[in-house]
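Please read the structure below before turning to the comments.
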């Protein structure tokens, strides 16, 4: 331990603030600032390695894993720290970059830090592509809402059924506005809608191609056996979780997603609150979306049966058991007077448990 050098880093786009502890020393051996450039990092850590084994850490954030990968290539151990699990003193009210670096390095030496899962370069690229697709779908939804709101302000409302069906689109295109500028506005809105729909179709087709790659194919197919989990959610789970076996039990996977109840218990009183919302918020949102599909369950659904074609009978049976259980629980919670949002969140928690079972080979 005497020859180990610990480095805590506070990273921003221009600089890296470093705090260094050597061995069992209580006082910082070094505290400095370097530019956030690969060459500066290379020079500093090459010099630092001359003192002994180097272990570094920095907080996960918008800078991704580039620094981690550079240090790994230099054979420097590095931990990308989960921000929500960094220990802090309750009475501490001053926050600076230097203080953050000192906190990190001391917690690193004490073994009090929890690292995040570092994606491979391929998985990170696919993850960002999937999130870009979700952004495009969100943009499309907003433009469609703007069209409907624009028409409502002109007292034009479609009464022939659901919005954005083919009949609804024909109705919109047939409208003749009173003022020419309104007609131009509607035309521009419809042009934006068409462009975004085409973009979403193109990106969606590319995502289907990615799912057929050997590294993803079997795992995505396994996840799509569950109702509510289609290509986007399945591939997102695969690339962002990586190896599901890093969670020792289903409860650990649920906690990682922030779907377990919070608790504030003391003495003989036990108080449970809402879900913790810790961990991966993006996957939690996707699983809650999937959970809404369990308001009903039909194992003979043509779409579901098509997705399950070629899968092992034991997996299909497991997914069916999950579907019946989750549907029954959703209805039971709603009949008890629980809000539908609360019921869907509870279903998402149990669904994550079934997913973990399927991905670690416990689907029996």
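Selection of the stretch 304-313 for residues being surrounded by 10 or more Cβ atoms within 10 Å (Cβ to Cβ) and farther than 17 Å from residue 358 by Cβ yields only 305. Among the residues of the stretch 262-275, what is the count of those that are surrounded by fewer than 12 Cβ atoms within 10 Å (Cβ to Cβ) and in contact with a helix residue (DSSP H, G or I) (Cβ under 9 Å, 6 or more places away or on another chain)? Number satisfying all stated conditions: 1. Filtered by the rule that a residue be in contact with a helix residue (DSSP H, G or I) (Cβ under 7 Å, 6 or more places away or on another chain) and within 14 Å of residue 193 (Cα to Cα), the stretch 128-143 gives 136, 137, 139, 140, 143.
For the subset of the stretch 144-166 comprising residues that are assigned to a loop (DSSP other than H, G, I, E, B) and in contact with a helix residue (DSSP H, G or I) (Cβ under 8 Å, 6 or more places away or on another chain), which member is surrounded by the most Cβ atoms within 10 Å (Cβ to Cβ)? Once the filter is applied, the top-ranked residue is 158.
Only residues that are surrounded by 12 or more Cβ atoms within 10 Å (Cβ to Cβ) and more than 15 Å from residue 294 (Cα to Cα) were counted across the stretch 326-352, and they come to 1. Among the conditions (1) without any contact (Cβ under 8 Å) to a residue 40 or more places away in the chain; (2) assigned to a loop (DSSP other than H, G, I, E, B); (3) under 27 Å from residue 134 (Cβ atoms), residue 362 misses just one, which is (3). Cβ-Cβ contacts under 9 Å between residues 6 or more apart (or on different chains), taken from a first residue in the stretch 91-107 that is at pLDDT below 85 to a second residue that is outside any loop (DSSP other than H, G, I, E, B), are listed as 92/99; 92/103.
The set of residues in the stretch 202-241 that are surrounded by 14 or more Cβ atoms within 10 Å (Cβ to Cβ) and assigned to a loop (DSSP other than H, G, I, E, B) comprises 224, 225, 226, 227, 228, 229, 230.
For the stretch 167-181, a tally of residues being assigned to a loop (DSSP other than H, G, I, E, B) and surrounded by fewer than 12 Cβ atoms within 10 Å (Cβ to Cβ) returns 3.
The test for being surrounded by 10 or more Cβ atoms within 10 Å (Cβ to Cβ), in contact with a helix residue (DSSP H, G or I) (Cβ under 9 Å, 6 or more places away or on another chain), within 30 Å of residue 234 (Cβ to Cβ) and free of Cβ contacts under 8 Å to residues at least 40 places away in the same chain holds for residue 114. Among the residues of the stretch 259-273, those that are at negative phi, in a loop (DSSP other than H, G, I, E, B) and without any contact (Cβ under 8 Å) to a residue 60 or more places away in the chain comprise 264, 265, 268, 270, 271. When each of 72, 82, 29 is tested for being surrounded by 13 or more Cβ atoms within 10 Å (Cβ to Cβ), without any contact (Cβ under 8 Å) to a residue 12 or more places away in the chain and in contact with a strand residue (DSSP E or B) (Cβ under 9 Å, 6 or more places away or on another chain), the lone residue that passes is 72.
Among the residues of the stretch 245-258, those identified as surrounded by fewer than 21 Cβ atoms within 10 Å (Cβ to Cβ) and either outside the structural domain of residue 288 (by TED's automatic domain parsing) or outside any helix (DSSP H, G or I) (or both) are 247, 248, 249, 258. When the stretch 1-16 is limited to residues that are farther than 15 Å from residue 45 by Cβ and surrounded by 12 or more Cβ atoms within 10 Å (Cβ to Cβ), the one that is farthest from the chain's Cα centre (by Cα) turns out to be 15. I'd like to check something: does the stretch 314-335 contain any residue that is part of a helix (DSSP H, G or I), within 23 Å of the chain's Cα centre (by Cα), over 18 Å from residue 250 (Cβ atoms) and in contact (Cβ under 8 Å) with a residue 60 or more places away in the chain? Within the stretch 314-335 (the criterion being part of a helix (DSSP H, G or I), within 23 Å of the chain's Cα centre (by Cα), over 18 Å from residue 250 (Cβ atoms) and in contact (Cβ under 8 Å) with a residue 60 or more places away in the chain), the answer is no, since none of the residues qualifies.
Within the stretch 49-61, can one find any residue that is closer than 29 Å to residue 255 by Cα and surrounded by fewer than 14 Cβ atoms within 10 Å (Cβ to Cβ)? The answer is yes; a qualifying residue exists.
The values are calculated or read from the model by the stated rules, or taken from the named source; none is laboratory data. This structure is a prediction, so every number in the text was calculated from the model and none was measured. Glycine also receives a Cβ, built like all others from the backbone with ideal geometry; neighbour counts cover every protein chain displayed.
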